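*Asks:* First the structure, which I've put down as structure tokens, then a few questions once you've had a look.
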Amino acid sequence: MAPAMDAFGATKRYRVPALLLRNAELYAPEPKGTVDILAVFGRIAAVREKLPRPRAFPVEEVDLEGRTVVPGLVDLHVHLIGGGGEAGPASRVPPLSAEGLVRGGVTTVMGLLGTDGITRSLVDLLAAARGLGERGLTAYIYTGSYSLPSVTLTGSVARDLVLIPEVLGVKVAVSDHRSSQPGPRELLGLAAEARLGGMLAGKRGIVHVHVGGGRRGLEPLFRAVDDGDIPISQFHPTHVGRSGDLLAQAVEWGRRGGSFDLTAPSAESLPWLERSFSELERAKIDWEKITMSSDGGGSRPRFDREGNLVAYDHFGVETLWEAVRFLHRKGGYPLERLLPLVGKNPAQVLGIAGKGKVAVGYDADLLILGDGLAIEGVYARGVRLL
Ligand SMILES: [Zn+2]
């Protein structure tokens, strides 16, 4: 049943306060067998076999007949208001819709700015995140964009973290011709500010680092960690699967206790992604350090052999779940190993409580899966959105 919407499409939540899903084959992410899941006012209140129906309040009951249920996805790298713009104003990517996120199974999202921190604003991004919140999803943002000094909402990265509830971290780009070419000093300064702001706000203040295709790769980050007093866990580099060399650096980063993110932006990239994971397996990297994100709304310029731009499109978020299905089918990895990459781990890296697990006290963000693990239904905080 679709939730009631007001004129602006915001969900009118909890017409019925409780939801009881019967006969779910639950991966929480660990396999729990066939259980019933009770959610009250958007939070999971009980998970076990043959739950009695509560009598004190109205309950919406759905028999899932053994369908697989997994936690809603946490996507920590999404250009909510569209990225791009590298081929002029006509190449600006349009904003993503709440429907697109829901179809992709993404119930918690981190919005960010990309290359363009000039015509794209954090105010716009914050409003987009709040709009998604009204639609029933959970949305946060990073302050900053590619460049240093960072663009901010309130005048500084630390103040943004302290004053704006939705700001959980800061974004910056390294080793990319489009970045402001920050060295270890600049990165340390940024991380120190994010760390301090995070502490004062009770947040992790993560520094989300876009790593480009430049030859230095993670080197500026290694040097920042070596030269300063900031723990490696303050940084979370992304796009580290873009080349074999960069992945080798990510292995070293992981061995030193750092976490990192692999991007699953398109169907064509999935075989490469699978090779990256088998490489990480061979290197015995703890998967708890790894997250996977879609780069949804990011641009995808295509060039001909002479380097002329011939096509320009953008990524959606639906490849994130496609990646999980592909790694399960082709890589043979069990769901309980893959689900944390797009749930528990990003929630932990960002410091978001109540996400990435189906357990008592967690938000009732749930995906109902059909044949071939196709997404058939999506609940966000106990309300059915798909
Ligand atoms: Zn991006």
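The values are calculated or read from the model by the stated rules, or taken from the named source; none is laboratory data. Because the structure is predicted, anything quoted here is derived from the model rather than measured. When we count neighbours, we look across all protein chains shown, and the Cβ atoms used for this are built from the backbone with ideal geometry, even at glycine. The accessibility values were calculated without ligands, DNA or RNA, using every heavy atom of the protein model including side chains. Shrake-Rupley method; radii C 1.70, N 1.55, O 1.52, S 1.80 Å.
*Asks:* Give the Rg/Rh ratio for the stretch 268-340, taking Rg as the radius of gyration of the Cα atoms and Rh as the Kirkwood radius, to two decimals. Before the final figure, lay out the partial values.
*Replies:* Working: Rg = 14.9 Å, Rh = 13.9 Å.
With Rg and the Kirkwood Rh in hand, the quotient comes to 1.07.
*Asks:* Hey, got the dipole for the chain? About the Cα centre, +1 on K and R Cβ, -1 on D and E Cβ, debye to the nearest 20?
*Replies:* Using Cβ point charges on Lys, Arg, Asp and Glu, the chain gives about 660 debye.
*Asks:* Under the 0.36 nm per residue contour assumption, what length would be gained going from the current alpha-carbon distance of Leu196 and Asp63 to full extension?
*Replies:* Stretched fully, the Leu196-Asp63 segment lengthens by 43.1 nm.
*Asks:* Please list, short to long, the whole-number percent of alpha-carbon pairs of the chain in consecutive 10 angstrom bins beginning at zero.
*Replies:* In whole percents, the pair-distance histogram is 5, 24, 33, 25, 10, 2, 0, 0.
*Asks:* Report the number of Lys pairs in the chain whose alpha-carbons are under 16 Å apart, with separation of 8 or more residues or on distinct chains. Let's see the in-between values first.
*Replies:* On the way: Lys32/Lys50; Lys32/Lys357; Lys171/Lys203; Lys203/Lys355; Lys289/Lys344; Lys344/Lys355; Lys344/Lys357.
Close lysine pairs found across the chain: 7.
*Asks:* Once you sort the root eigenvalues of the Cα gyration tensor of the stretch 13-75 as a ≥ b ≥ c, which label holds: rounded (a/c under 1.5), prolate (a/b larger than b/c) or oblate (the other case)?
*Replies:* Cα axes put the stretch 13-75 in the oblate bin.
*Asks:* Right, something else. Tell me, what is the per residue accessible area of the chain in Å², probe radius 1.4 Å?
*Replies:* Accessible area per residue, the chain: 42 Å².
*Asks:* On a 0 to 90° scale, report how tilted helix 122-134 is relative to the longest principal axis of the chain, with both axes built from alpha carbons and the result rounded to the nearest 10.
*Replies:* 10 degrees
*Asks:* Let me ask something else about it. Below 8 Å between Cα atoms, with a sequence gap of 6+, how large is the relative contact order for the stretch 135-252 in percent?
*Replies:* So the answer I get is 24 percent.
*Asks:* Between Asp286 and Glu219, what is 0.36 nm times their sequence separation minus the Cα-Cα distance? Round to one decimal in nm.
*Replies:* 22.0 nm
*Asks:* Shifting gears a bit: Between Arg337 and Ala374, what is the label-point separation in nm under the 7 Å Cα-to-beta-carbon projection?
*Replies:* According to this spin-label approximation, the distance is 2.7 nm.
*Asks:* With just the Cα atoms defining each centre, how far is the stretch 277-318 from the stretch 209-225? Give it in Å.
*Replies:* Using only Cα atoms to place each centre, the spacing works out to 17 Å.
*Asks:* State the extension gain, in nm to one decimal, for the chain segment bounded by Ala46 and Ser243, taking 0.36 nm per residue of separation less the distance between their alpha-carbons.
*Replies:* 66.5 nm
*Asks:* Cβ neighbours within 10 Å, averaged per peptide: list 103-109, 13-19 in order, most packed at the top. Please list the in-between numbers first.
*Replies:* Working: 103-109: 26.9, 13-19: 17.1.
Highest mean packing first, the order is 103-109, 13-19.
*Asks:* While we're here: Given a Förster distance of 25 angstrom, what is the FRET efficiency for Arg185 paired with Arg256, based on the Cβ-Cβ distance and rounded to 0.05?
*Replies:* Here the calculated transfer efficiency is 0.80.
*Asks:* Once R0 is set to 45 Å, what does the formula 1/(1 + (r/R0)^6) return for the Cβ-Cβ distance between Glu306 and Leu386, expressed as a FRET efficiency to the nearest 0.05? Before the final figure, lay out the partial values.
*Replies:* On the way: r = 44 Å, r/R0 = 0.97.
Using R0 = 45 Å, I get an efficiency of 0.55.
*Asks:* Check Tyr312: other-chain or 5+ apart residues with amide H under 5 Å from its amide H, H built from backbone geometry?
*Replies:* Distant-sequence amide H within range of Tyr312: Arg302.
*Asks:* While we're here: Using alpha carbon centroids, what distance separates the stretch 107-185 and the stretch 58-94, in Å?
*Replies:* The distance from the Cα centre of the stretch 107-185 to that of the stretch 58-94 comes to 18 Å.
*Asks:* Additional query: Please figure out what share of the DSSP beta bridges in the chain is antiparallel and state it in percent, rounded to the nearest 5.
*Replies:* Taking every DSSP beta bridge within the chain, about 50 percent pair in antiparallel fashion.
*Asks:* In addition: Hey, with R₀ at 51 Å, roughly what FRET efficiency would Asp227 and Arg55 work out to, going by the Cβ-Cβ distance, to 0.05?
*Replies:* It comes out at approximately 0.20.
*Asks:* Further, regarding this structure: Which shape class, rounded, prolate or oblate, goes with the stretch 229-386 when its Cα gyration tensor gives a ≥ b ≥ c as root eigenvalues, a/c under 1.5 marks rounded, and past that a/b bigger than b/c marks prolate?
*Replies:* Judged from the Cα gyration tensor, the stretch 229-386 comes out oblate (a/c at least 1.5, b/c at or above a/b).
*Asks:* Could you check which residue among Gly370, Gly297, Gly332 shows the biggest mean-square fluctuation in a GNM of the chain with a 10 Å Cα cutoff?
*Replies:* In the Gaussian network model the winner is Gly332.
*Asks:* How far apart, in nanometres, would the label points at Asp313 and Glu268 be if each is projected 7 angstrom from Cα along the Cα-to-Cβ direction?
*Replies:* 1.0 nm
*Asks:* Among 43-55, 134-146, what's the highest-first ranking by average C-beta atoms within 10 angstrom per residue?
*Replies:* Details: 43-55: 13.8, 134-146: 24.5.
Peptide ranking by packing, descending: 134-146, 43-55.
*Asks:* Considering only protein heavy atoms and a 1.4 Å probe, what is the carbon-and-sulfur percentage of the accessible area of the chain?
*Replies:* For the chain, the apolar C and S fraction of the accessible surface comes to 51 percent.
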